[in-house]
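Right, one structure below, let's go through it.
FYI, it's all coordinate maths here, none of it is from the lab. Predicted model only: the values in this text are computed from it and were never measured. Counting neighbours? That spans all protein chains shown, and the Cβs are built from the backbone with ideal geometry, glycine included.
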Protein chains: 2
Amino acid sequence: MCQLLGMNCNVPTDICFSFTGFQARGGVTDVHRDGWGIAFFEEKGVRLFLDPQPSCVSQIAELVRAYPIRSLNVIAHIRKATQGAVSLENTHPFMRELWGRYWIFAHNGNLENFAPPLSGAFMPVGTTDSERAFCWVLDRLRARFGQCPPPPDELFDTLHDLSTTLSQHGACNYLLSNGERLFAHCSTALAYIVRCAPFAAAHLKDQDVTVDFNDLTTPNDRVAVIATQPLTDNEAWHVMPPGTLWCFEEGQPVRQQTTGVAGQVIQS
Amino acid sequence: MCQLLGMNCNVPTDICFSFTGFQARGGVTDVHRDGWGIAFFEEKGVRLFLDPQPSCVSQIAELVRAYPIRSLNVIAHIRKATQGAVSLENTHPFMRELWGRYWIFAHNGNLENFAPPLSGAFMPVGTTDSERAFCWVLDRLRARFGQCPPPPDELFDTLHDLSTTLSQHGACNYLLSNGERLFAHCSTALAYIVRCAPFAAAHLKDQDVTVDFNDLTTPNDRVAVIATQPLTDNEAWHVMPPGTLWCFEEGQPVRQQTTGVAGQVIQS
C-alpha cells in the first residue's frame, strides 16, 4: 500500500520536518520504493515534484527536504505499485485544471473493476486506478456544476457521494486539494494532528530528528498534518474512522462525514 | 521579452549543457529575472520545474543544471514579465492534459487585445496572455477534433491556422509539445541547430563552458535544440524566418510553413 502526507495551514508553512520522516519510508524504514511525488500550492500556482526513483535515494527528494517551500496546502505520496508500471506518468500526485484552478490528487488503495465511462474532459495519461478515479471525480464535478465552482458545502456533499461510490470498488484513501481547502478521505488508514499554540517539540518516528515548533511559529499559526500513519511518536494523532470524508481549512478540520461503505483492508 | 529553449531528440538526451547557458540569461548575462521553468517529457509523463525566482540564483535551477534528466522533448522558459505579475501561476511552461496526453506550452512575446471566448474546457489559472493563448489553442483543437487526436499533418495544419490568428495580436514565439513532437512558432526570433554525427565540440556564448559531444553520443544520435538566440558561438545555427511554424520529430525539423502574418517586433 502507498503512503499519503498532506498539510493544510492558516499561514504559509514549510513541510521540511514532516517530509524528512515521510521520505525515509520510501525505502529506508518502509517498503514504498516505486516512486514519490509532492505538490505545493503557492497562491493559485503549484510546484509539482515527481520522481519514479525511491524517495530515500532521490536527489529531488533531497532538495525538497532541505529547501523550505512555504505553502498553505501540500500533498505528497510515496508509492508501492499495485496497478500500473513504475513510471513517471504513474507517479502521484496527479494534476489537472478545473474552473481555472489546479487540482491535486493522491491515492492510497486499490480500486478493482473501476472503469467508469469518461466524457473525455479529463483522461488518464498513465495506467493507474488512481488517476482514473481522479479523472472520474473531476468529470463528475464538471458534469454536475458546469462552468462555475459550487459553494464549499455543495462541493463537499458531492465529493461525499463520489467517495462512497469509489469505496465500493476497494480501499480509497485519498487527499485532494484545489489550493483553497484540503479534502481527505479515509477508507482504511489516515490520521491527522493539528499543531497550534502552545507549540511543543515533536520527535519523528522514522528518523531521530526533533523540532521545537516554538522556534518556528507565531502564536496564531495553525497547521494540520494528515498522514497514513502518524509521523511523530510524542504527539497525540487523531486516527480517522474508516469510511469518513474530511475537509480541512485554515489548518483545522471544518467538516467530516461518514461515507457509508468502508473500503476493504488490502495487503501491502 | 522572454527567452525560450527547446530540445527534440531521437534518443533520450540530457539538456544540462544548453541549460547552463540558458540559465545564465536569467539575471547574469541577460535581464530575464522574473522566473523560469522547464518541462521534461519521460515517455508520457512530465517533470515540470517552476520557480518565480531568477534562474541564476534558483536552487531548483541549480539542481536541473547538475542532474541529468534524459528526455526526448524538453521546453524551458525564462521570463521578463510583460502581462501578469511575477508569481508561480504566471510562470511558464504551462501544462494541461488533452486526449490522454500532457501538453506543454511556453511563449515569448506580447499578445494585445487577445480575449477570445473559451468553452471552459481549458481555463487560465494565472493572468498572462500566454496561458490564455495556450488554453485557446487546446480549446480549438478539442472543438475541431473532438475526443480523438488527429493525424500529425492535420494537427500541424490546424496549429498553422491558430498561429496565424495569434500572430495578428502581436509577437507570438512559442514552443508546444505533447511528448511526441515539438512545435515551434517563430514570430520574431527563434533559431535552431541539429547536432548529429560527426559530432564536434561546442562552446557556450553565455558561460566559458565547452562540451565535446563525441564523448557523450553514439553515431545514431540526433538532437535538435531550439532557442530564442543561439546558445553557442562556434556552431552554425539556423535562424528561423519570422512568421513560420515548424514541427520537430526525432531530432530534426520535418515540416515548416509560413504563418502569413509576422508578429510585430516588441521592445523588451
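Using amide H atoms built 1.01 Å from N in the peptide plane, name the residues 5+ places from B:G100, or on other chains, whose amide H lies under 5 Å from its own. Result for B:G100 returns A:M123.
For chain B, modelled as a GNM whose springs connect Cα atoms under 10 angstrom apart, the maximal fluctuation among B:G109, B:G45, B:G35 occurs at B:G45.
The mean number of partner chain beta-carbon atoms within 10 angstrom of a residue's beta-carbon across peptide B:42-55 is 5. If you run the Gaussian network model on chain A, springs between alpha carbon atoms under 10 Å, then out of A:A133, A:A24, A:A197 the most flexible one is A:A197.
Overall form of the protein assembly as shown: prolate. Here a/c, set by the Cα gyration tensor axes a ≥ b ≥ c, is 1.5 or more, and a/b is the larger of a/b and b/c. Cross-link check: pairs B:K44/B:K205; B:K80/B:K205; A:K80/B:K44; A:K205/B:K44 evaluated at a Cα-Cα cut-off of 31 Å; pairs beyond the cut-off: B:K44/B:K205; A:K205/B:K44. Mind running the shape call on the stretch A:1-107? Use the C-alpha gyration tensor, a ≥ b ≥ c as the square roots of the eigenvalues: rounded below 1.5 for a/c, prolate if a/b tops b/c, oblate otherwise. Cα axes put the stretch A:1-107 in the oblate bin. Under the convention that each Lys and Arg Cβ holds +1 and each Asp and Glu Cβ holds -1, the size of the dipole of the protein assembly as shown around its Cα centre is about 580 debye. Cα gyration tensor of the stretch B:120-227, axes a ≥ b ≥ c as square roots of the eigenvalues: rounded (a/c below 1.5), prolate (a/b > b/c) or oblate? Prolate. Take each residue in A:218-226, count the other chain C-beta atoms within 10 Å of its C-beta, and the mean is 0.
In whole percents, the pair-distance distribution calculated for the stretch B:81-132 from its alpha-carbon pairs, binned every 5 Å from zero, is 4, 19, 28, 26, 17, 5, 1. The phi torsions of the stretch B:186-196, fed into the Karplus equation with coefficients 6.51, -1.76 and 1.60 and a -60° offset, translate into couplings of 9, 9, 10, 7, 7, 9, 9, 9, 10, 9, 8 Hz, rounded to whole numbers, with Gly and Pro shown as x.
Please compute the average number of Cβ atoms from other chains found within 10 Å of each residue's Cβ in peptide B:66-74. Walk me through the numbers on the way to the answer.
On the way: counts 1, 3, 0, 2, 0, 0, 0, 0, 0.
Counting Cβ atoms of other protein chains within 10 Å of each residue's Cβ and averaging gives 1.
Just A:P198, A:P124, A:P242 to compare: in a GNM of chain A, with alpha carbon springs under 10 Å, which one fluctuates most? Top of the fluctuation ranking is A:P198. When the alpha carbon gyration tensor of the stretch B:3-258 is reduced to an equivalent ellipsoid, the three semi-axes, largest first, read 27, 21, 17 Å.
Close amide H pairs (under 5 Å, H built 1.01 Å from N) link A:L111 with no residue at least 5 positions away or on another chain. With label points defined 7 Å past Cα in the direction of Cβ, position B:A66 shows copy-to-copy spacings of 0.7 nm, given to one decimal and shortest first.
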